[in-house]
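A.B. asks: Handing you a structure now.
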Amino acid sequence: MSPERTACAAAPVVLLVEDDILLRLITAVGLRGSGFDVIEAANSAEAVRVLECIPVDAMVSDIDMPGRMNGLALAQWVRQRRLDTKIILTSAVERALGEVEEYASFISKPYRDGEVEHLLRSVLSSP
């Protein structure tokens with residue numbers, strides 16, 4: 001296997017679930033620039049379709065999204081089916097940690113520069 005193929009294969013795959021297209025684009029560009037392979041989804045239905053087909057190392061999901069499942073329900077779905085997938089939930093709304101810590105790490109919006117990348121690297125390196 002070529003060194004280029006090995007380097008590409010080693011990039012963590014992150015599913016970014018965010019209904020705000022501008023925030024999703026900015027976050028995805030930043031994560032790609034930091035060496036992550038990013039798959040984007042606009043809602044939980046798109047995220048489930050991805051998760052059923054593609055192994056992902058981590059999912060970063062907004063909690064407050066339109067559709068049948070919000071981010072908490074999506075995190076619960078992932079936890080039941082994909083135990084190896086690390087989860088980070090986000091929200092601009094103040095949350096009680098007990099509401100999210102059962103499923104995931106949490107980061108408040110708006111993000112500071114590099115904050116999502118730092119948390120992703122932290123959760124990916126933990127057992």
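A.B. asks: How long is the stretch 13-57 along each principal axis, judged by its Cα atoms, biggest number first, in Å?
C.D. replies: Largest to smallest, the principal-axis extents are 26, 22, 9 Å.
A.B. asks: On C-alpha positions alone, give me the angle between the axis of helix 71-81 and the longest principal axis of the chain, in degrees, nearest 10.
C.D. replies: Taking Cα atoms only, the helix is inclined about 50 degrees.
A.B. asks: Between residue 11 and residue 37, what length comes free when the chain is fully extended (0.36 nm per residue of separation minus the Cα-Cα distance, one decimal in nm)?
C.D. replies: 8.8 nm
A.B. asks: While we're here: How tilted is helix 115-125 with respect to the longest principal axis of the chain? Cα atoms for both, answer in degrees (0 to 90, nearest 10).
C.D. replies: On a 0 to 90 degree scale, this one is about 70.
A.B. asks: Run the quick spin-label model on residue 79 and residue 93: label points 7 Å from Cα toward the beta carbon, then report their separation in nm to one decimal.
C.D. replies: If labels sit at residue 79 and residue 93, their model points lie 1.8 nm apart.
A.B. asks: Kindly provide the helix-only [θ] at 222 nm of the chain, computed as the sum of -39,500 (n - 2.57) over DSSP H runs of four or more divided by all residues, to the nearest 500 deg cm²/dmol?
C.D. replies: Value at 222 nm, helices only, nearest 500: -12500 deg cm²/dmol.
A.B. asks: Considering the chain, what Rg and Dmax in Å follow from its alpha-carbon atoms?
C.D. replies: 14.0, 48
Throughout, read-outs are computed from the coordinates displayed, never taken from laboratory work. The structure presented is a predicted model; accordingly, all values stated were derived computationally and were not measured. Cβ coordinates were reconstructed from backbone atoms using ideal geometry, including for glycine residues, and neighbour counts include every protein chain displayed.
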